[in-house]
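Quick notes on the structure that follows.
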Amino acid sequence: MTVLLAQISDLHLDGSERAARRAERVMDHLRALPRPVDAVLVTGDIADHGTEAEYEEAARILAAPFPVLPCPGNHDARPAYRTALLGEESGTGPVNRVHHIAGVAILMCDSTIPGRDEGRLDEATLAWMDTTLAELPRGARALIAFHQPPLELHHPLPDSCMLESPGDLETLLDAHPQVAAVLTGHAHTAAATTFAGRPLIVGPATTWTLRMPWEGDLAADRDQPPGLAFHVLDDDGRLTTHYRVVS
């Protein structure tokens, strides 16, 4: 069965009208599609300061008739993220969740290090990922999503705070060939490369777009419209990605 997923990232909701309106435009676009997506993945930095009020706003904006699957980013705070966005009890441990969407296991993983911009899949998260993937039925398809990319993207800003110890993730992927791709956010630019023999897809940001070094010295382009990605995963586990902007 072919699965259609949307990915949005880096909403940085901060109570401002600008941030809210940009996120609302993207969600309005997704709700109005002639064929609804099977799920929306939100790859971190949902809030800008990690406050409960920001997550309450996020819960309102992200409400949709299809599943919306978040994971935290470095601007997110686990206690408020759990209580105000997920409606769960507060806690400080990694927020890892697996969702089964149309026969695909989607692992939304917590790569955050509280108080730091760099990411890390800690021992508990790696063990959870390994167990979760090992328990899938034979032939099942899987996707892994988290916030910080595990490779340099050739810009000093995201490359200064990428995923640490990417070899740990590479080892895990080598043991689990059913993982079709790795999806991340954080860099504020749509990008595609490979990691551990899989597609590594970086989703564009909702709040502002990263200007690459050859495009100018100012990193943040706040005039570009918010972006999103559509991922089509077919029965053979082949991922095709289409990027869009929402005017």
message: Looking at the stretch 37-54 only, could you name the residues that are buried (at least 24 other Cβ atoms within 10 Å of the Cβ) and either closer than 17 Å to R22 by Cβ or of a type in the set (S, T, Y) (or both)?
response: V42, T43, G44, D45, I46, A47, E54
- request: Please work out if W208 is at negative phi and either among the acidic types (D, E) or under 16 Å from the mean Cα position of the chain (by Cα) (or both).
  value: yes
- request: Please state which one of L157, L153, L172 is under 18 Å from R211 (Cβ atoms) and touching an Asp or Glu at 6+ places or on another chain (Cβ under 8 Å).
  value: L153
task: Could you tell me which numbered condition T125 fails, if it satisfies all but one of (1) in a helix (DSSP H, G or I); (2) without any contact (Cβ under 8 Å) to a residue 12 or more places away in the chain; (3) not hydrophobic (A, V, I, L, M, F, W, C)?
output: (2)
query: From the list A23, A64, A19, which residue is more than 20 Å from H186 (Cα to Cα) and either of a type in the set (A, V, I, L, M, F, W, C) or outside any loop (DSSP other than H, G, I, E, B) (or both)?
result: A64
message: Among the residues of the stretch 159-167, are any crowded, with 17+ Cβ neighbours inside 10 Å and either modelled with pLDDT under 95 or farther than 30 Å from A220 by Cβ (or both)?
response: no
query: Under the condition of being of a type in the set (G, A, S) and touching a Gly at 6+ places or on another chain (Cβ under 8 Å), which residue from the stretch 95-149 is nearest to A205 (Cα to Cα)?
result: S111
message: Looking only at the stretch 1-24, filter to residues that are of a type in the set (D, E, K, R) and under 18 Å from the mean Cα position of the chain (by Cα); which one of those is surrounded by the most Cβ atoms within 10 Å (Cβ to Cβ)?
response: D10
Which numbered condition A187 misses (of (1) over 18 Å from D236 (Cα atoms); (2) touching a residue at least 40 places away in the same chain (Cβ under 8 Å); (3) aliphatic (A, V, I, L, M); (4) assigned to a loop (DSSP other than H, G, I, E, B)): (2)
From E24, E17, residue being among the acidic types (D, E) and in contact (Cβ under 8 Å) with a residue 24 or more places away in the chain: E24
query: In the stretch 197-224, how many are among the charged types (D, E, K, R) and in contact (Cβ under 8 Å) with a residue 24 or more places away in the chain?
result: 1
- request: Go through the stretch 230-247 residue by residue and tally those that are modelled with pLDDT under 95 and surrounded by fewer than 15 Cβ atoms within 10 Å (Cβ to Cβ).
  value: 3
- line: Those residues of the stretch 132-158 which are free of Cβ contacts under 8 Å to residues at least 60 places away in the same chain, part of a helix (DSSP H, G or I) and over 17 Å from the mean Cα position of the chain (by Cα) amount to T132, L133, A134, P156
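The values are calculated or read from the model by the stated rules, or taken from the named source; none is laboratory data. Remember, predicted model here, so these are calculated numbers, not experimental data. So basically every Cβ, Gly included, is an ideal-geometry build from the backbone, and we count neighbours across all protein chains shown.
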